[in-house]
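The values are calculated or read from the model by the stated rules, or taken from the named source; none is laboratory data. All of these numbers come straight from a predicted model, not from anything done at the bench. Positions of Cβ are backbone-derived with ideal geometry, glycine not excepted, and every protein chain shown enters the neighbour counts. In case anyone asks, the SASA skips ligands and DNA or RNA and just uses the protein heavy atoms, side chains included. Shrake-Rupley method; radii C 1.70, N 1.55, O 1.52, S 1.80 Å.
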Amino acid sequence: MKAIPTGVYDYRELKQENYYSVDKTLMIKDFLERKSKVTLVTRPRRFGKTINMSMMSEFFDITKDSKEIFKGTKIMDTPYASELNQYPTIFISFADAKENKETIVKYIKTQLQNEYIRYHFIFNQLNELEQNDYLYILEGLKNKNNGILNDVDNAIVFLMRCLKKYYGKDVMLFIDEYDTPFIEAKTGNFYQELKGSLATLLRSSLKNSEDLKYAFITGIQRVAKENIFSDLNNLDVYTVCDREYSEYFGFDSDETKKLLEYYGLELNNEVKEMYDGYHIGNQDIYNPWSIMNYAKRKKLISYWVNTSANSMIKTALKQANYTFKNQYDKLIKDGKLDTYVSMQTSFFEEADNSTLWGLFVNAGYLTVTKEIDLLKGKYRIEIPNKEVKQEFIKLTEYQLGLSSGTLDTVTESLAKEDQETFLESYQEILMVPSYHDLQKENSYHMMMLGMCLCLNKDYEIISNREVGKGRDDLILKAKDEKKTSFVLEFKYLKEDKKDLEKALDELSNKAIQQIKDNKYDYGFKGKVIYIGLAHHGKDVSIKWVES
């Protein structure tokens, strides 16, 4: 039985070592037929970008003999089989260009150095001026620990020029995860120090049309304002909303079904709910990383972690305005949101609500399920599946300053009608936020709303809506009539009281009475539990009454 290639990013290794593989080679045909000078495809992490780039590099690379590697693949049944190993090719991946500035610079220089070493034989017949440029770049590559890139910012374009001179053919250029260093620099607060030389390194190679055949670049998002792609006459950008290339990143339903069956598993509803739900162009797509890990470990758990984008999203959420936070709450309540989404500009270049939602979509935290107004950039976005929902729960816990798993404890005890555990865990949560964050009723309401993200599969979440004779705070209406529904009313005691315990007790009773008087559970079938929560700072009184 073929091994599962988790952690394998080299296409030659994938094929030679007899790993399980899904044939995506027709991507090469599409690439050649489009004839775009520069192609940028944006996809979330763990969606197969690196292995696809390695595949394309392996196919075109003139220094390799890849006949056996591509034997039996779909591309070899097309006229483009004749393009196999016909071009000088540069392949650079920035996927691991992370952490601090020095580490990122060292990694990028190592990637460049590897290509210079691979093509060492082309530098034997340089003229005097070329020799000077070559020695300058070599010196920059040797100084990996100096924390600067401007001593190698012409390294790619110079290598392209030398390759064209040596082979007499234009160069194929592949750059994987090009935006990772930009994202890391922004979250690490050294963006201004790195952006100029990094943008020059990329821009100079893409604009040198005399030596470039085609370039294919991948990343999470488009870095628009650094002029990397400006003035390019033939640039195509394909986001998760575009049909082009949609079938090549991730697994479709048939590919997923075949893979799971090969390893003795079934593509059932549980698997679909956990890992399905991404809509890329016109394709229904599964996260390949998650599917392969599930096939390997046979445990229906979360495998997807997007560390770089996660750091940026956490940073962005701290800066988010009131409108975005209201939209975020609506998304959690309803499971979907109609809003403006920008995927053509990165959030760290232009921070507004549309680019922040664009970051969520590009990073794989949300998926576009409907195009509402393409001209204005309005879409319907949804959390794709249960696996990603776990990441949202972690984000909510992060916003509230809670340890991982806290919200699950609260919501599980609520769903199980465990009054004692609910009270204990809720009181524990109140000890985390600063006192100044708990100065009004709405603070507690928003905190509880975040917890309900864990429950929206089984409950309809109704918040601040006209119900019965009034406007409710929070209702969890069970989708299964046999299960219990919950009505929660939040109260806040503004002034200090001598007998605080008694005052809070009376206030929580008033909350219960308000639920009854206003008939917030009007029309409900089955059992309903009323919960009145009265707060003063970090003190709380909870009344729990069955209807």
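Before moving on, here are some points about what is shown:
- Principal axes of region 1-77: Cα extent on each, largest first, Å: 40, 30, 23
- Over the C-alpha atoms of region 276-335, the Rg to Rh ratio, Rh being the Kirkwood estimate, stands at 1.08.
- Once both labels are positioned 7 Å from their Cα atoms along Cα-to-Cβ, the gap between Tyr322 and Lys169 label points is 6.3 nm.
- The ellipsoid that matches the Cα gyration tensor of region 331-398 has semi-axes, each √(5λ) in whole angstrom, of 20, 15, 9, with the longest given first.
- Peptides ranked, highest mean first, by Cβ atoms within 10 Å: ranges 501-514, 69-82: 501-514, 69-82
- Of the accessible area of region 59-137, computed with a 1.4 Å probe over protein heavy atoms only, carbon and sulfur atoms account for 49 percent.
- Each peptide in 417-427, 260-270 was scored by the mean count of other Cβ atoms within 10 Å over its residues; highest first, the order is 417-427, 260-270.
- Zone residues, region 152-178, relative to Asn124, backbone N less than 18 Å from point 7 Å out along Cα-to-Cβ: 162-168
- Rolling a 1.4 Å probe over the protein heavy atoms of region 193-296, with every protein chain left in place, gives an accessible area that is 37 percent carbon and sulfur.
- In this structure, Asn282 and Lys336 have a Cβ-Cβ separation that, at R0 = 25 Å, corresponds to a calculated FRET efficiency of about 0.80.
- Solvent-accessible area per residue in the chain equals 44 Å², computed with a 1.4 angstrom probe and all protein chains kept.
- Placing Arg43, Arg222, Arg34 in order of accessible area, with the largest value first and a 1.4 Å probe, yields Arg34, Arg222, Arg43.
- Value of relative contact order over region 1-61, rounded to a whole percent, pairs C-alpha under 8 Å and six or more apart: 44 percent
- Estimated purely from DSSP H runs of n ≥ 4, each contributing -39500 (n - 2.57), the mean residue ellipticity at 222 nm for the chain is -13000 deg cm²/dmol once divided by its residues.
- Rounded Å value of the spacing that divides the Cα centres of region 128-154 and region 478-547: 69 Å
- Taking the inverse of the mean reciprocal distance over all distinct Cα pairs, the Kirkwood hydrodynamic radius of region 257-384 comes to 15.9 Å.
- Ordered from longest to shortest, the equivalent ellipsoid semi-axes for region 9-140 are 29, 20, 14 Å, each the square root of 5 times a Cα gyration tensor eigenvalue.
- Diffusion constant of region 202-263 at 25 °C, which comes from Stokes-Einstein with the Kirkwood Cα-pair radius and 0.890 mPa s, µm²/s: 169 µm²/s
- Centroid-to-centroid separation of region 158-207 and region 331-392 [C-alpha atoms, Å]: 28 Å
- Using C-alpha pairs below 8 Å separated by at least 6 residues, the relative contact order for the chain is 11 percent.
- For the pair Ile148 and Leu500, the difference between a 0.36 nm per residue extended length and the Cα-Cα distance amounts to 120.6 nm.
- Region 180-291 shape via C-alpha gyration tensor axes, a/c threshold 1.5: prolate
- Per-selection Kirkwood Rh - region 316-355 (Cα, Å, 1 d.p.): 10.8 Å
- Full-stretch length increase - Asp252, Glu424 - with 0.36 nm per residue and alpha-carbon distance subtracted: 57.5 nm
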